[in-house]
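Peer 1: Pasting in a structure now, in structure tokens, and then I'll have a few things to ask.
Throughout, read-outs are computed from the coordinates displayed, never taken from laboratory work. Keep in mind it's a predicted model, so treat the numbers as computed, not measured. Virtual Cβ from ideal backbone geometry, glycine too; neighbours counted across all protein chains shown.
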Amino acid sequence: MTEISRRKFVGLSASVLAASRVPSFAQAAAADQRPVGFAAVGLGTISGIFTRACSTSQTAKITGLVTGHPDTNGKQFAERCNVPDSSVYTYETFDHIRDNKEIEAVYIGLPNSMHCEYTIRAAQAGKHVLCEKPMAISSAECKRMIDACKSANVKLMIAYRIHYDPVHLQAQELIRSGAIGQIEAFEGGYGFNAGPNQWRLNRKLAGGGALVDVGIYPMNEARWLTGEEPVSFTAIPTTRDRTSGRFAEVEQTLDFTIKFPSGIVGTFGCSYGADMPGFLRIHGDRGSLQLSPAFDYTGAHLTSIGGRQRIDVPPQGESGFQFKLEAEHFANCVRTNTDPKTPGEEGLKDLVALEAIYKAAGTPMA
Ligand code: NAD
């Protein structure tokens, strides 16, 4: 029995990290060395984490802010991020970022239904776009976002932080190396007990319920690890809480299966009712891998279940480090004029699958 553990992982993950961060020698020589300046758009929870992550980076920096509350939230963020008042914008003055040379890119941390509008406006202002997941609330919106960024000749990346996490990258490498043989099936889930009165429970703003917010994680990772696009779908939505009014517009819980052309099947669950830690199991014909926890901001832990190899890849990094890695990857793409690993097309493929899952559930999106 062989063992992949902490010592071996350090060597392997260093190469995995290096591949995600470092441009080629020629690219590095030609690249502008200044950090890429980002304007955070929508100053809620995720922008708080993103801006803190950038504060420890040498290559990604917050140089602008966009908020509906410039005198309160805007001021607090500006002080912490060292952004001058003149670089704090509202949704009404957003388009003036065009004239701010310190802002080269935007990070969109708005409710899902606003991603499309602000991506297109940012592109038209000549700024690169790093947009949170889900990319939008329909595949049609995703296509418009991709087209707008292409016509403006700016880069578009979707913030799939998991694709930049060294433990998840290690899972990908192990699968590619044949450690569990041929993949047969996935199981996974993610959920939390959603509090009332938030945009996530408003269909117009969110586009859907637990599926678009948390069910997307195991589904996206199965797509990523197989490199295939699902072709058939089943889904069962359910709402147990019929009294609080939280789930008048979106589903509380959804169980779904996706089947890939090769025959690999993924069976997943997601919920806004259950406090369900994220997990993913990847079953191969020569063993299984488990990521548990899988999808939190830190702490992803990869282990084997059965099989010939004992694998134990411990959690890496402090909270927020995935956001720093994704920001730095995008900054590197901007400086070296290379394509992001998680471009708009990746977000579009998820939306196509999410629409098909909702269709199977009998509940359309948005
Ligand atoms: P949030 O509610 O904490 O923040 C949303 C921000 O948008 C707030 O600053 C709010 O003022 C602003 N906003 C502007 N117009 C609004 C409107 N009409 N209604 C409500 N808010 C409005 O939300 P969040 O958790 O930061 O999520 C923002 C985005 O980030 C979502 O797309 C979400 O899916 C994504 N997200 C990603 C991760 C991740 O791990 N990658 C985690 C959480 C959220």
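Peer 1: Mind checking the dipole of the chain: about its Cα centre, +1 per Lys or Arg Cβ, -1 per Asp or Glu Cβ, Debye to the nearest 20?
Peer 2: Values: 37 positive and 38 negative charges, 84 e Å.
Around 400 debye, computed over the chain.
Peer 1: Any idea how far apart LYS143 and GLN182 come out in nm if each label point goes 7 Å out from Cα toward Cβ?
Peer 2: 3.5
Peer 1: At 0.36 nm per residue, minus the direct Cα-Cα distance, what do GLN198 and ASP95 gain on full extension? Give it in nm, one decimal, please.
Peer 2: Values: separation 103, 0.36 × 103 = 37.08 nm, distance 2.70 nm.
34.4 nm is the gain from fully extending GLN198 to ASP95.
Peer 1: With each pseudo-label sitting 7 Å past Cα toward Cβ, what's the ILE236-GLU318 distance in nm, one decimal?
Peer 2: Rounded to a tenth, the inter-label distance reads 4.5 nm.
Peer 1: How large is ³J(HN,Hα) for each residue in region 322-330, as worked out from phi by the Karplus curve 6.51 cos²θ - 1.76 cosθ + 1.60 (θ = phi - 60°), to whole Hz, x for Gly and Pro?
Peer 2: Once rounded to whole Hz, the list reads 5, 5, 5, 5, 5, 5, 5, 4, 5.
Peer 1: Moving to a separate point now. Just to compare against my own numbers: the Cα pair-distance distribution for region 63-201, 10 Å bins, whole % per bin, please.
Peer 2: 10, 30, 30, 21, 8, 2
Peer 1: Something else: Exposed loop sites here are GluC sites (Glu not before Pro) in DSSP loop states with at most 13 other C-beta atoms within 10 Å. What is the longest stretch of the chain lacking them?
Peer 2: On the way: sites that count: GLU92, GLU318.
Longest gap between qualifying sites, sites excluded: 93-317.
Peer 1: Taking 30 Å as the cut-off for C-alpha to C-alpha distance, list the pairs among LYS204/LYS349; LYS133/LYS359; LYS75/LYS150; LYS75/LYS349 that go past it.
Peer 2: On the way: LYS204/LYS349 21 Å; LYS133/LYS359 20 Å; LYS75/LYS150 34 Å; LYS75/LYS349 38 Å.
Violating the 30 Å Cα-Cα cut-off are LYS75/LYS150; LYS75/LYS349.
Peer 1: For region 130-192, place one equal point scatterer on every Cα, skip the solvent, and apply the Debye formula. What is log10 of I(q)/I(0) at q = 0.29 Å⁻¹?
Peer 2: Treating every Cα as an identical point scatterer, log10 I(q)/I(0) equals -1.19.
Peer 1: Moving on to the next point. Run the numbers for GLU102 and ARG34: contour at 0.36 nm per residue of separation, minus the present Cα-Cα distance, in nm. Walk me through the numbers before you get to the answer.
Peer 2: Working: separation 68, 0.36 × 68 = 24.48 nm, distance 1.05 nm.
That works out to 23.4 nm of additional length.
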